[in-house]
Structure formats: structure tokens, C-alpha cells
Amino acid sequence: MPQAFGGPRVLLRRLREVMAQPTSPQDKLDRIVILIASNMVAEVCSIYVQRDDKALELFATEGLNREAVHLTTMKAGEGLVGLIAKEAEALALSDAQAHPAFSYRPETGEEIYRSFLGVPILRAGATLGVLVVQNTATRKYSEEEMEALQTVSMVLAELIAQGGMQSLTASGQGGGFTGPKHARGVSLAEGVGLGHVVLHEPRVVIKNLIAESPEAEIKRLEAAIGQLRKTIDELIARGDVSHGGEHKEVLETFRMFAHDQGWLRRMREAVLSGLTAEAAVERVQSDTRARMLRQTDPYLRERLHDLEDLANRLLHILVGADLTIARDQLPENAIIVARSMGPAALLDYDRGRLRGLILEEGGATSHVAIVARALGIPAVSEIENITALVEQGDAVIVDGQTGEVQIRPQPDVENVYKEKARLRARRQEQYRKLRDIPAVTRDGEAIDLKLNAGLLVDLPHLAETGATGIGLFRTELQFMVASRMPTTAEQQQLYKAALDAVGDRPVTFRTLDIGGDKVLPYMQRVEEENPALGWRAIRIGLDRPGLLRSQLRALLRAGAGRDLKIMFPMVATVDEFIRARNIVHRELAHIDRHDRDRPASLALGVMVEVPSLLFEIDEIAREADFLSVGSNDLLQFLFAADRENRLVADRFDPLCAGSLRALKCVADAGERAQCPVTVCGEMGGKPLEALALIALGFRSFSMTASSVGPVKAMALKLNAAAARKQLETLLANVSGVATLRGALKAFASEHDVPV
């Protein structure tokens, strides 16, 4: 490879000198393209920066027409430059114009150049731009030349990320990570939070990119790798994971990656090209993240996640930084940002300082979402690459109602959200005034409003909301936040504490609903084609009765002398309920043999969430003491539409005729058998949906604490008989209508019912 200035190391030193000069960003870019062109013996060097609107704009060039700077743009995916940005992969061509993606821009004068080498400018896996060199002669660029250009692109990434690019472009949509950004994801928990970013696993900020001595940097890298391997070996050897299980499998995978020669070779090559050890790790990690973001295969994504986690640990070792922020360093208005997070990790933070949560991954029914709702903090998920878009301490706003996130917001945007937060606070205060008013409709129908819970932190909401009890206590959360299987005694302690906390109000405990997307970290994962339809909930309990018996024994002991309600999830047939009930009776016999106190009363119920049970609904209503409708699962199974899958989640409306008729079957069966029925899915916690459910005949609901006020306000204004008559008319005359939502909204508006 020809080296006019002594190769890439000399080029990197020259670039560092240019970047250190007190000149404008445009002047720096103009000098940089000249340096790169000379070093690469190229007739053209161009820098394209990706703007906020995803278009790629020519920001600097040596060799093309200078008049094209800031005028030539390409849409995302357009031309060779757009292709590199989209795929986040380098592209070397000896005849660029023969490539099908080639897009000619006459204003640049590039028609005379044949050969082309372009690399993405990446930072933390995000594409910031594209760096290109071109020659008139047909030329085959070597791997060494490509490696050198990729190394230079990492230095450019830091320059672009520092900001200041907005002033260079007429559109005002310059690149960089320092300007305001807006993103939309999926709402996990309602509310509005304004605060500052706290990265759950703080990213290492690399201040020194260019090595003085590559040999010394290789030694630093290898020493850090040795320390990383030693740490993993010690974790595997520790007694709490050495016996096997999920933890050990994960760490064994880590150990395998820590010895992966391809990964180590790429980092060494990056160091030899002139980068420091930490900059080399960052560059390889950024390439890995770029590939991860473009993978659709869940297994490959998980493996790339593992490699990224390993690189993150290695970076922290190299710079001597902690993996997590210290508790005493948590700001007063912290908004936690993470790729993903378990419920235990969120509970480790000081609740008094949390203002919100933003995740790259995690659905509305994930356990971290449930914990966020219990803590009353707004949360949003599926914000792509959020951990790379923000820096520690950045101002950020989370809107849990719309799923929007505002990063480094402008003052006017911040003021709008402050007003929205104040309005929400005033509305919540109005709802608090309804706390002690019974939820009775205008025509005298009493509506029972209970809470969904799963942790002791949920229980104070009873007094705050005036709810009549706990309609759904998710017992699996205790198992999810523990590092090992809770003992019977530990389970009993939690259940007794919950019963003590609510006093004489009822609590309905749901037995373990694990499996599918709810995998305990210390249990062996079962690989299934369709986990949501697989081995989970009561199916695990009946197949592994020891686990179910242990939990039932803890519940029965905790409920000694009290009224106790237990319900079983995912029951698909009457026979499954009868088998589970027989196990309860055997545990009662065990209590009697050991002269222990029984519960004063015991009611056994069923979650109606598997559509097959709709065809045995009268039989199950006669056998069970009560029914609870899990509307989330029932409707996703009914319509074969995964509610976590954006492609199909919106293909049906809970207020369509099909779902309302299915729900009416349950309400009618409960009325015929005089079997109490509660709706404990999300549907019952939304005012308009709750209006429809009351019209169907439901009188008991269990919901999040924040939903009690709005649903009660609706119920107090509703005439239940009028709503029932209206819905019956709508269902009798539905024809080609996808949803009844509009008609129900019109009814609510006409009768002044707040929804």
C-alpha cells in the first residue's frame, strides 16, 4: 500500500493535530479530506454526514467539485453511499459505475472516477456518515487500505458526534449526538418524566483514541483480556452457579467468546493500525453493534449481545471504571436508560430519585414493565439504539402515555412537557378526591375496583386509590427478582406480609405464571417453537407438582385463620382445574395431619385466558368458586396476534364485535352459575373499554393503581342500563365494522361520560 506520509499511524497523528486546532468544524473537515487523499494516494476523498432526517449530505471533499458540498444529498439506502450507511459495511469496487446501486450526481463531477472504497462512520453501532476515496484508474483496494480507512472513520465519528454540524448545512439538520432528538417507542407505564440520563451500564468515554506506542497498547490489551478471563473463571467457579443452570450456561458462553480468536485478532489489528487499546475495543464493539441492529435472527442477536457485553466489560477493565453507577451518585431526577433490564435491577435503584425508564428491548407485559408501573414511574421501550444516542447526564423526557422520548430537548419542548406533567398532576389530584367515594353508576350498579400487584411495593397504592382489594397478586415476581428459587418459608413470609398489609380487604393470589417469556434465571430454559403456546403456567405446575405443592403450602400457611383466594393461570380445560384443585385438597389434608390452622375460608378460581375454555364456560363456572378474565392473553390467543409483535398487535381492536361477544360469554356464564367474575387484564383499566365491559355485565375489575381514578370517574357518570342497551343494539347490527370504538366514544360523549 503506498504511504505518502508513512502509513495510517502517521495519518492518525496528523489528524489528531488537525482536530486539536482551534478552527471551525468545516475547516477541520476540509483539511482532513486532503490528508486522507494524500495518504491513500487517492484522487478523491469525501465525507458524507447522516443528518437527523437520515439523508446523507456531502460535507467535505477533495477531488470532487467543491460547489457540491452541502448541496449533494442522498436518501437513506440510495446510491453506493446510501448502501454503505444502510448496511453499515465497507464496500470496495474496482468499477463503481457498474454496480447496480451506483447513483450519478452530475454536480459532483465524479463520472471520471472508476474505483471506489467507502466505509461507514460508526459510533456505538450507529451510522453517523460515510467516508469515501476514489481513483480514476481501475484499482483493487487492499484489505490494509480498507482497515486504515475504517480506523480513520472512528476518529471522524468522534468529531461528528461532538456536534456543531447543524451550522454547516442549509437544512439545519446536521449530524452529531449533541443536538435534540425525538424517538417513539412502546409505552410500558404511563406518566411524564423529566430528568437526566443515567446509563444502567455506563458507557466508557474514550478520551485518547490514537496510540503513542502500538506495542505498549497491545500489552495493555492482552493484560486486560487476561483479567477478563480470570474474572469469568472466578464467576463460574463460585458456588452459587457452579452447580449448573442458566447462569452457568451464560458465563460459559462468555468464556467461549473471551477466547474467540477472531474477536481478539480484530482488536489487535485495530491497535496495530494506530488506535489505543480501548479505542480498538470500542471500534470492534461498534462494528458488532452495527451488525446486531441489522440482525433479525433472535439467536444471532443474542450471541452478538453476548459479545457486546463482553466488550463492555473489557472497556471498563482498561479504563478502571465501574460497571454500574454508585447509589450515592444517582441524581435527584434520574431517568434510567438501558438496552434491557430485569425487575431486580430496577428495584435496586432509589425509588425517590427515579423519574423514568427507557429501554431498547422489553414488552408491555415484561416483568420490568410491571415493576415500573408498581413504582409509578413512566417507562418506554423499543427505542432503537437509545444507549448509543445519549450520554450520561443528558437532559431527557419520557412520555409514558404516547411512548415518546425527547433527547436533549429544546427549551420550548421542555416547557410543553412541564405543563403536561402539571396537568397530569392536577388530574391525579382530582382522582384522589374520589378515593373514598364508592364506585356506583348513576343507576345504582356497584362497580368493584381492585388492584393488580406482585410486590409489597404495590400495596400502599390500596390506601392511595381507595381500591377494595387486590384482584390479582402475581406471585411469580418474587421468583423473577430472586437469584435462586425462594423456599416455602420465604414464599409464606411474602404472602403473609401481603395479607397483613391489606387488612380485611381480599387478596387473590395467582399461582406461578412462568414459562413463555417469563423464564426464571435459575431454571433451565426449554426451547420451544411457540413458547406462548407451550409449557407454561398451570401446565408446569401439573407436570412438576412439587413446585406447585410448595407454593400452595406456603399460601395455605400464610392464610391460616383468614379468607384466602387462589386462582390458577392458563387453564385450558375443566380437567386441569380439577387436577389442580385435588392438589390443594391434598395440601389441606397435610395441614390437618400436622395440626396446623387452615384458612377461615378458601376460594379456588380460574384465569379465563385460553379460548378453549370458552367452550366449557358453563362447566368451569359451576366447578370454580370464581373466574378472572385475563383479557391480554385471551384476546391475543383469540386473534392469533402476538401483542408484543408490532406487525400484528394492531390487527384487531379489543372493542371489536368478536372480542366483545367472547367476553359476553364469560359474563353470562358467571351470571347463570352465580359465579363471581373479575376482569384483571389491561382492558379493564381503560375507561372506554371498562364502559363496554360494564355494558356486557361485568361488575368487578382489577387494574394498575393509576387506572383506578379514571375508571371510577367514568363509572360515576355512567348509566349502566343505557350502556347495555346501546351495546346490545350495536352488536345486533354490526356489519362490516372493524370496531365499535367510535360508536362507544360517541355514546360516552353524548351522555357526558369521561373516557
Meets criteria (touching a Phe, Trp or Tyr at 6+ places or on another chain (Cβ under 9 Å) and part of a loop (DSSP other than H, G, I, E, B)) for P438: no
Just checking, does region 100-107 include any residue being at pLDDT 85 or above, part of a helix (DSSP H, G or I) and among the acidic types (D, E)? yes
Only one of these conditions is not met by L83: (1) farther than 17 Å from E158 by Cα; (2) out of contact with any Pro (no Cβ under 7 Å at 6 or more places or on another chain); (3) in contact (Cβ under 8 Å) with a residue 40 or more places away in the chain; (4) crowded, with 21+ Cβ neighbours inside 10 Å. Which number is it? (3)
Note on region 36-91: residues assigned to a loop (DSSP other than H, G, I, E, B), touching a helix residue (DSSP H, G or I) at 6+ places or on another chain (Cβ under 6 Å) and under 24 Å from R16 (Cα atoms) are A90
Report yes if V440 is in contact with a strand residue (DSSP E or B) (Cβ under 8 Å, 6 or more places away or on another chain) and among the β-branched types (V, I, T), otherwise no. yes
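With the condition kept exactly as written, say whether any residue in region 381-393 is in the same structural domain as S707 (by TED's automatic domain parsing) and touching a strand residue (DSSP E or B) at 6+ places or on another chain (Cβ under 8 Å).
Checking region 381-393: not a single residue is in the same structural domain as S707 (by TED's automatic domain parsing) and touching a strand residue (DSSP E or B) at 6+ places or on another chain (Cβ under 8 Å).
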Go through region 404-421 residue by residue and tally those that are part of a helix (DSSP H, G or I) and in contact (Cβ under 8 Å) with a residue 60 or more places away in the chain. 6
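Go over the candidates D448, D443 one by one and state the one that is surrounded by fewer than 22 Cβ atoms within 10 Å (Cβ to Cβ), closer than 28 Å to H751 by Cβ, touching a Phe, Trp or Tyr at 6+ places or on another chain (Cβ under 8 Å) and in contact (Cβ under 8 Å) with a residue 40 or more places away in the chain.
Only one candidate qualifies: D448.
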Checking the condition closer than 30 Å to S659 by Cα and either acidic (D, E) or assigned to a helix (DSSP H, G or I) (or both), which residue from A603, A580, A572 passes? A580
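Could you say whether any residue in region 345-364 is at pLDDT below 75, outside any loop (DSSP other than H, G, I, E, B) and in contact with an Asp or Glu (Cβ under 7 Å, 6 or more places away or on another chain)?
Checking region 345-364: not a single residue is at pLDDT below 75, outside any loop (DSSP other than H, G, I, E, B) and in contact with an Asp or Glu (Cβ under 7 Å, 6 or more places away or on another chain).
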Assess whether F615 counts as being at pLDDT 95 or above, buried (at least 22 other Cβ atoms within 10 Å of the Cβ) and part of a helix (DSSP H, G or I). no
Would you please name the residue that is surrounded by the fewest Cβ atoms within 10 Å (Cβ to Cβ), looking only at residues in region 621-638 that are of a type outside the set (D, E, K, R) and within 15 Å of K565 (Cα to Cα)? F626
Let me confirm something: among L663, L647, which residue is in contact (Cβ under 8 Å) with a residue 24 or more places away in the chain and either in the same structural domain as F626 (by TED's automatic domain parsing) or over 21 Å from F615 (Cβ atoms) (or both)? L663
Here are the criteria: (1) part of a helix (DSSP H, G or I); (2) closer than 20 Å to Q26 by Cα; (3) not hydroxyl-bearing (S, T, Y). Tell me which single one A148 does not satisfy. (2)
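The values are calculated or read from the model by the stated rules, or taken from the named source; none is laboratory data. A quick note: this is a predicted structure, and the numbers were derived from the prediction, not measured. All Cβ positions, even for glycine, are placed from backbone atoms using ideal geometry, and neighbour counts span all protein chains on display.
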